[in-house]
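Student: I am attaching a structure below and will ask some questions about it afterwards.
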Amino acid sequence: MRNPGGLAALPPWCKPDRTPDIVPAPPSARQLASLGSPRENAADARVRAVLGPTNTGKTHLAIERMCGHSSGMMGFPLRLLAREVYDRVRAIKGDKQVALITGEERIEPPDARYFLCTAEAMPRTSGQHAFVALDEAQLGADPERGHIFTDRLLHARGREETMILGSATLEPMVKALIPKAEITSRPRFSTLSHAGICKLSRLPKRSAVVAFSVEQVYAMAEALRRFRGGAAVVMGALSPETRNKQVAMFQSGEVDYIVATDAIGMGLNLDLDHVAFAALSKFDGRRKRRLTPSEMAQIAGRAGRHQRDGTFGTLSGTGKGDGEPLAFTDEEVYAIEEHKFAPLTHLFWRDADPRFDTLNALIADLEARPSHAILKAAPEAIDMAVLRRLAEDDIGRSVRGAGAVRRFWEACSLPDFRSLGVEQHARFVARLWNDLREGYLGADFVAARIAELDRMQGDIDTLQGRIAAIRSWAYICQRPDWVLARDEMAARARAVEAKLSDALHARLTERFVNRRTTLLMKSLGQDASALPVTLEPDGHLTVEGMSIGRLEGFRFHVDPSAGVADRRMLLAAGEKALPALLADRADWLLTQGLGELVISGGAIRWQERALADITFPGQPGAGNFGTPKLALTRDLVLVPEGARAKLEAGLVQWLDKQLEPLEPLRKLAEAARDPEAGSQARALVITLIEARGVISREDAGLEHLPKEMRPYLRKLGVTFGALDIFAAPLLKPAPRRLLHALGLDLRPVQEAMLPVLAEGGWAKGRLPAGYRYAGTQAIRVDLAEKILRAAFDGRAVATAAHPKERNRAFRLDMALAVSVGLEAENARRLLGSAGFRCDRARPLAEGAFGPPAPDRWHWRPRRPGEKDERRPDRRPERDHQRKDQRPPRGKGKPADARPNRDGAQPPRDGGKRPPRPAQPPARPPVDTGPARAGGAFDKLADLLKG
């Protein structure tokens with residue numbers, strides 16, 4: 001062991017960011033000769049090897065022993081298993097004393113004393129912790145990762161106790177490498193027996209199907225979805241979070257089957273009764289070979305946990321295609337049932353403490369052969385292949401110095417989570433090294449790469465690829481000397497991985513689980529029609545007290561949490577009872593539940609489900625606004641015909657009563673069809689209907705409406721205001737809400753139709769119907785008309801008192817505007833839109849007392865065709881000459897009275913309109929002729945269509 005007290009003795013996360021300037025001396029010939037030799041020291045006397053098959057409680061024993069010491073550390077083959085044991089120890093010792101250390105995740109409280117790690121993240125220290133354990137140590141014979149487990153087997157020691165957990169095949173290796181170790185064998189708690197060949201359609205519940213390719217896993221899961229309603233899926237390519245959720249779905253009973261690769265054989269404790277092999281051979285990275293008996297037993301041993309017996313077998317129809325069924329040999333069955341396997345003859349080894357003087361020295365140490373007979377040089381792993389590949393390029397030739405060599409080797413050790421192969425993974429490592437050799441990866445750069453993977457769209461394979469990529473960045477972010485803002489970037493990577501895992505779990509569940517067909521009956525073979533189906537008050541359907549689903553409105557939804565036998569028959573029982581239950585439900589709705597009905601989105605809804613769509617006739621001469629039509633939705637298909645007709649009639653009566661607030665609109669619709677109303681009046685009515693009861697005066701087209709028709713329209717509730725033409729009854733809350741609910745007015749609706757809306761009381765550019773802007777506020781149009789009418793009344797009083805003064809200034813009382821909530825400045829802006837101009841009074845001089853002078857107002861209407869406000873030309877000489885040339889005016893006709901050309905000043909009952917001054921006759925408006933036949937109906941149809 002070279003340099004035992006140096007950097008190699010520290011955990012990976014405790015090593016300094018840079019190698020010291022002093023480089024250790026090369027190992028001597030004696031040290032080189034001892035490479036791979038077993039150690040013999042006092043710590044070996046405290047090593048205890050607990051060996052045995054699956055389901056012997058080895059891991060549970062190690063957890064109990066570790067919790068009995070003051071500190072401890074356990075190494076596991078999988079991040080998934082490390083996380084499971086971390087949760088168990090944390091429940092015993094508390095969050096502050098337990099740490100989780102993996103290549104992609106680090107949860108390390110400052111006062112942690114118990115560490116759960118993957119084997120790669122497990123430090124090679126001796127004596128730092130009171131207890132140390134290594135799980136699944138027989139993986140030292142694995143060609144890819146075996147050298148890691150062999151190194152931990154040789155060097156990981158606890159001060160007080162060390163435990164090595166593994167299969168019985170490891171016993172000769174322990175005796176040869178650690179002669180002083182105490183070896184303990186543990187028997188299996190339950191019996192494992194061979195069940196023979198079974199069809200997939202007859203597979204017993206609580207079974208696992210094991211396949212060795214993604215294609216075969218998907219095929220088995222699809223078949224189970226058809227035959228049994230669904231299955232959970234577990235593969236090595238899934239993230240640990242996704243695997244946990246798929247396993248939880250199986251453990252909870254939501255599905256009774258699980259399809260998995262050989263990843264199920266390690267680290268997953270499942271409530272399985274049977275394991276069925278869909279294949280007995282796999283591709284190990286070099287060739288396709290038959291599983292060894294010990295590998296078969298590792299997988300088959302998942303059946304029968306604790307003291308419950310389990311079985312294993314094969315599936316029919318999954319053989320080689322030559323007609324010979326897939327089956328175990330007699331020797332294999334005997335070995336699995338009796339737990340008799342050929343012992344291991346060697347473990348793989350690689351120097352875990354190489355020299356970092358140069359790349360050639362590093363490669364030479366990593367390729368060195370062990371001196372012990374039972375240790376073999378590890379095959380070239382992906383990290384070694386990447387190192388050799390890059391060492392031959394210019395990027396490798398530029399690596400100089402022990403610190404740079406060490407850092408370069410750490411970059412080459414990045415796991416190939418995406419399974420890209422040597423060439424592509426080497427290119428990724430090369431790009432990473434180009435950024436690392438100059439210092440750190442910037443936080444912005446890493447955040448951008450993580451954000452690129454933060455997308456939940458795509459199919460199963462796409463999401464798996466993104467999860468593999470984000471795991472690479474999670475690993476990079478865990479390195480203490482690679483990334484700036486490491487903790488923040490690591491947290492972002494973990495969050496994205498969790499989101500992607502949730503999305504992948506949803507895709508797997510959606511594809512391989514049919515919740516309707518996975519609902520089972522209480523007992524198989526029972527007649528579904530004989531089961532008592534009851535509708536509970538909360539809408540749940542139960543059979544003998546067990547929920548099988550619920551009714552939402554008249555739509556039946558299967559309860560996905562129901563987990564009893566034969567869900568198909570149970571579902572059939574529920575559906576067979578539905579017609580009678582729905583008929584009773586329809587009768588209850590008409591007699592007692594009408595108060596729960598609402599109109600929303602152009603439909604009658606109950607319990608948030610649409611019962612009938614509301615449509616209005618839109619063709620000319622086909623009905624009127626007061627007779628809507630109902631189209632029952634698909635939710636009522638299962639209701640018996642008689643009950644459905646009765647329900648439809650009841651809904652029609654209920655709807656007629658609900659439409660009463662729209663009676664003013666119905667009257668307008670009738671007037672629009674009345675030929676005696678005249679084409680001009682009908683055109684205005686159609687425009688008003690199209691505008692949902694409110695239209696600005698500028699858009700109303702009043703120049704085409706004879707004044708003698710206005711009294712007729714006023715009887716229909718139409719108000720001719722200074723700024724707007726509107727139907728006042730339609731400005732109440734009930735008709736506005738109803739128009740919005742029917743889909744006839746898609747503009748925002750103000751539920752209470754408040755008089756004034758404060759600034760920010762509506763979405764930008766989305767003013768609620770029935771309001772107009774007043775500065776920074778909005779005011780209901782009928783109240784705006786009251787304020788303007790009061791202003792016109794004030795002007796009329798001032799004009800009548802001084803008839804000879806032209807454009808007499810007058811005073812306005814702003815109390816009405818302020819009383820409805822309009823701010824004074826916004827009230828002035830509202831009045832200004834109607835032609836009123838305010839001359840602000842001068843403030844009191846300093847030191848003066850008394851009330852301030854009131855503001856003075858003038859009114860000048862906007863002339864036809866005027867686009868902007870311009871002050872009139874002041875030419876007193878010409879005006880004087882023109883006055884001399886004008887004929888004398890009669891008495892009582894003030895010269896300053898201006899004509900109301902655009903109708904902005906409404907006529908007043910009992911008052912005299914000032915006469916018009918002499919002027920050239922105005923050009924009469926162009927008569928476009930009567931409204932075309934049917935125009936009212938077309939406009940109404942467009943309105944009613946929303």
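The values are calculated or read from the model by the stated rules, or taken from the named source; none is laboratory data. Owing to the predicted nature of the structure, the values given are computational and were not obtained by experimental measurement. Here Cβ is always computed from backbone atoms with ideal geometry, including for glycine, and neighbour counts include all displayed protein chains.
Student: So is Gly794 assigned to a loop (DSSP other than H, G, I, E, B), small (Gly, Ala, Ser) and at pLDDT below 90 or not? Let's see the steps before the verdict.
Tutor: Working: assigned to a loop (DSSP other than H, G, I, E, B): no; small (Gly, Ala, Ser): yes; at pLDDT below 90: yes.
It is false that Gly794 is assigned to a loop (DSSP other than H, G, I, E, B), small (Gly, Ala, Ser) and at pLDDT below 90.
Student: Of the residues that sit in the stretch 532-548 and are in a strand (DSSP E or B) and in contact with an Asp or Glu (Cβ under 7 Å, 6 or more places away or on another chain), which one is modelled with the highest pLDDT?
Tutor: From the stretch 532-548, those in a strand (DSSP E or B) are 533-535, 540-543, 546-548; that's our starting set.
So of that shortlist, the ones also in contact with an Asp or Glu (Cβ under 7 Å, 6 or more places away or on another chain) come out as 542, 547-548.
Details: Thr542: 73, Ser547: 69, Ile548: 69.
The selected residue is Thr542.
Student: If only one of Gly721, Gly693, Gly717, Gly701 is of a type outside the set (A, V, I, L, M, F, W, C) and in contact with a Pro (Cβ under 6 Å, 6 or more places away or on another chain), which one is it? Steps first, answer last, please.
Tutor: Details: Gly721 fails: in contact with a Pro (Cβ under 6 Å, 6 or more places away or on another chain); Gly693 fails: in contact with a Pro (Cβ under 6 Å, 6 or more places away or on another chain); Gly701 fails: in contact with a Pro (Cβ under 6 Å, 6 or more places away or on another chain).
The match here is Gly717.
Student: Take the stretch 798-817 and flag every residue that is under 23 Å from Asp782 (Cβ atoms), surrounded by 13 or more Cβ atoms within 10 Å (Cβ to Cβ) and of a type outside the set (Gly, Ala, Ser). Break it down into steps so the answer makes sense when it comes.
Tutor: Restricting attention to the stretch 798-817, the residues satisfying the condition of being under 23 Å from Asp782 (Cβ atoms) are 812-817.
Filter again for surrounded by 13 or more Cβ atoms within 10 Å (Cβ to Cβ), leaving 812, 814, 816-817.
Listed by number, the residues that qualify are Leu812, Met814, Leu816.
Student: Could you tell me whether the stretch 215-233 includes any residue that is closer than 27 Å to Gln138 by Cβ, out of contact with any strand residue (DSSP E or B) (no Cβ under 8 Å at 6 or more places or on another chain), surrounded by fewer than 20 Cβ atoms within 10 Å (Cβ to Cβ) and not charged (D, E, K, R)?
Tutor: Within the stretch 215-233, one or more residues are closer than 27 Å to Gln138 by Cβ, out of contact with any strand residue (DSSP E or B) (no Cβ under 8 Å at 6 or more places or on another chain), surrounded by fewer than 20 Cβ atoms within 10 Å (Cβ to Cβ) and not charged (D, E, K, R).
Student: Return yes when Ser252 is more than 22 Å from Thr54 (Cβ to Cβ), in contact with an Asp or Glu (Cβ under 8 Å, 6 or more places away or on another chain) and not assigned by TED's automatic domain parsing to the domain that holds Ala49 and no when it is not.
Tutor: Numbers: more than 22 Å from Thr54 (Cβ to Cβ): yes; in contact with an Asp or Glu (Cβ under 8 Å, 6 or more places away or on another chain): no; not assigned by TED's automatic domain parsing to the domain that holds Ala49: yes.
For Ser252, the condition - more than 22 Å from Thr54 (Cβ to Cβ), in contact with an Asp or Glu (Cβ under 8 Å, 6 or more places away or on another chain) and not assigned by TED's automatic domain parsing to the domain that holds Ala49 - is not met.
Student: Separate question: What tally of residues in the stretch 388-437 results from selecting those that are within 41 Å of the chain's Cα centre (by Cα) and either in contact (Cβ under 8 Å) with a residue 40 or more places away in the chain or crowded, with 20+ Cβ neighbours inside 10 Å (or both)? Talk me through it step by step, then tell me what you get.
Tutor: Kept after step one, since they are within 41 Å of the chain's Cα centre (by Cα), are these residues of the stretch 388-437: 407-437.
Filter once more, keeping what is either in contact (Cβ under 8 Å) with a residue 40 or more places away in the chain or crowded, with 20+ Cβ neighbours inside 10 Å (or both): 407-412, 414-419, 422, 425-426, 428-430, 432-433, 436.
Residues meeting the conditions: 21.
Student: Next question. Pick out the one residue from Ile107, Ile101 that is assigned by TED's automatic domain parsing to the domain that holds Arg83 and touching a Ser or Thr at 6+ places or on another chain (Cβ under 8 Å). Quick ask: steps written out before the conclusion?
Tutor: Details: Ile107 fails: touching a Ser or Thr at 6+ places or on another chain (Cβ under 8 Å).
When all the criteria are applied, what remains is Ile101.
Student: In addition: Taking the stretch 233-258 as the region of interest, how many residues are touching a residue at least 40 places away in the same chain (Cβ under 8 Å) and among the aliphatic types (A, V, I, L, M)?
Tutor: Of the residues in that region, 6 qualify.
Student: Now for a different question. Scan (1) closer than 29 Å to Gly253 by Cα; (2) part of a loop (DSSP other than H, G, I, E, B) for the single condition Ile197 breaks and write down its number.
Tutor: (2)
Student: If I ask for residues that are over 25 Å from Asp416 (Cβ atoms) and touching a helix residue (DSSP H, G or I) at 6+ places or on another chain (Cβ under 8 Å), which ones from the stretch 74-89 would you list?
Tutor: Scanning the stretch 74-89 gives Met74, Val85, Arg88, Val89.
Student: Follow-up. Of (1) surrounded by 15 or more Cβ atoms within 10 Å (Cβ to Cβ); (2) more than 30 Å from Val749 (Cβ to Cβ); (3) in contact with a strand residue (DSSP E or B) (Cβ under 6 Å, 6 or more places away or on another chain), Asp839 satisfies all except one. Which?
Tutor: Failed condition: (1).
Student: In addition: Identify the residue in the stretch 130-143 that is out of contact with any His (no Cβ under 8 Å at 6 or more places or on another chain) and in a loop (DSSP other than H, G, I, E, B) and, among all such residues, is modelled with the highest pLDDT.
Tutor: Of everything passing the filter in the stretch 130-143, Asp135 is modelled with the highest pLDDT.
Student: Right, something else. Applying the selection to the stretch 427-466, what residues are within 19 Å of Asp416 (Cα to Cα) and assigned to a loop (DSSP other than H, G, I, E, B)?
Tutor: Leu453
Student: Within the stretch 243-255, identify whether any single residue is outside any helix (DSSP H, G or I) and surrounded by fewer than 18 Cβ atoms within 10 Å (Cβ to Cβ), and answer yes or no. Please lay out each step first, then the result.
Tutor: If we filter the stretch 243-255 for residues that are outside any helix (DSSP H, G or I), which is where we start, we get 252-255.
If we keep only those that are surrounded by fewer than 18 Cβ atoms within 10 Å (Cβ to Cβ) too, we end up with 252-253.
Checking the stretch 243-255: at least one residue is outside any helix (DSSP H, G or I) and surrounded by fewer than 18 Cβ atoms within 10 Å (Cβ to Cβ).
Student: Considering every residue within the stretch 642-662, establish whether at least one is among the aromatic types (Phe, Trp, Tyr) and under 23 Å from Val749 (Cα atoms). It would help to see each step written out before you state the result.
Tutor: Kept after step one, since they are among the aromatic types (Phe, Trp, Tyr), are these residues of the stretch 642-662: 654.
Filter once more, so that each one left must be under 23 Å from Val749 (Cα atoms): none.
No, there is no match, as no residue in the stretch 642-662 is among the aromatic types (Phe, Trp, Tyr) and under 23 Å from Val749 (Cα atoms).
Student: Mind counting the residues in the stretch 812-836 that are among the acidic types (Asp, Glu) and either over 30 Å from Gly761 (Cα atoms) or out of contact with any strand residue (DSSP E or B) (no Cβ under 7 Å at 6 or more places or on another chain) (or both)? Before the answer, list the steps.
Tutor: Step one: list which residues in the stretch 812-836 are among the acidic types (Asp, Glu), which gives 813, 823, 825.
Now narrow it down to the ones that are either over 30 Å from Gly761 (Cα atoms) or out of contact with any strand residue (DSSP E or B) (no Cβ under 7 Å at 6 or more places or on another chain) (or both): 813, 825.
Qualifying residue count for the region: 2.
Student: How many of the residues making up the stretch 608-629 are modelled with pLDDT of 70 or more, surrounded by fewer than 16 Cβ atoms within 10 Å (Cβ to Cβ) and not in a strand (DSSP E or B)?
Tutor: 2
Student: Here is a further query. Based on this model, can you work out whether Ala722 counts as crowded, with 19+ Cβ neighbours inside 10 Å, in contact with a strand residue (DSSP E or B) (Cβ under 6 Å, 6 or more places away or on another chain) and touching a residue at least 12 places away in the same chain (Cβ under 8 Å)? Steps first, answer last, please.
Tutor: Details: crowded, with 19+ Cβ neighbours inside 10 Å: yes; in contact with a strand residue (DSSP E or B) (Cβ under 6 Å, 6 or more places away or on another chain): no; touching a residue at least 12 places away in the same chain (Cβ under 8 Å): yes.
Answer is no for this residue.
Student: It is to be established whether one or more residues within the stretch 346-353 are in a loop (DSSP other than H, G, I, E, B), surrounded by fewer than 19 Cβ atoms within 10 Å (Cβ to Cβ) and under 45 Å from the mean Cα position of the chain (by Cα).
Tutor: Looking for residues that are in a loop (DSSP other than H, G, I, E, B), surrounded by fewer than 19 Cβ atoms within 10 Å (Cβ to Cβ) and under 45 Å from the mean Cα position of the chain (by Cα), one finds at least one in the stretch 346-353, hence yes.
Student: Identify all residues within the stretch 288-320 that are at pLDDT below 80, surrounded by fewer than 19 Cβ atoms within 10 Å (Cβ to Cβ) and either touching a helix residue (DSSP H, G or I) at 6+ places or on another chain (Cβ under 6 Å) or closer than 30 Å to Ser419 by Cα (or both); write none if there are none.
Tutor: Our first condition is that a residue be at pLDDT below 80; within the stretch 288-320, this holds for 305-307, 317-320.
From what's left, surrounded by fewer than 19 Cβ atoms within 10 Å (Cβ to Cβ): 305-307, 317, 319-320.
Of everything in the stretch 288-320, those that are at pLDDT below 80, surrounded by fewer than 19 Cβ atoms within 10 Å (Cβ to Cβ) and either touching a helix residue (DSSP H, G or I) at 6+ places or on another chain (Cβ under 6 Å) or closer than 30 Å to Ser419 by Cα (or both) turn out to be Gly319, Lys320.
Student: If you check Arg308 against the conditions, is it part of a loop (DSSP other than H, G, I, E, B) and among the charged types (D, E, K, R)?
Tutor: yes
Student: Going by what's in this entry, would Thr118 be described as more than 19 Å from Phe348 (Cα to Cα) and in contact with a Lys or Arg (Cβ under 7 Å, 6 or more places away or on another chain)? Break it down stepwise before answering.
Tutor: Working: more than 19 Å from Phe348 (Cα to Cα): no; in contact with a Lys or Arg (Cβ under 7 Å, 6 or more places away or on another chain): yes.
Criteria not met by Thr118.
Student: Just to be sure I understand, how many residues within the stretch 767-791 are part of a strand (DSSP E or B) and touching a residue at least 24 places away in the same chain (Cβ under 8 Å)? Reasoning before the result, please.
Tutor: Of the stretch 767-791, the ones part of a strand (DSSP E or B) are 771-774, 777-780.
Now narrow it down to the ones that are touching a residue at least 24 places away in the same chain (Cβ under 8 Å): 772, 774, 777, 779-780.
Here the count works out to 5.
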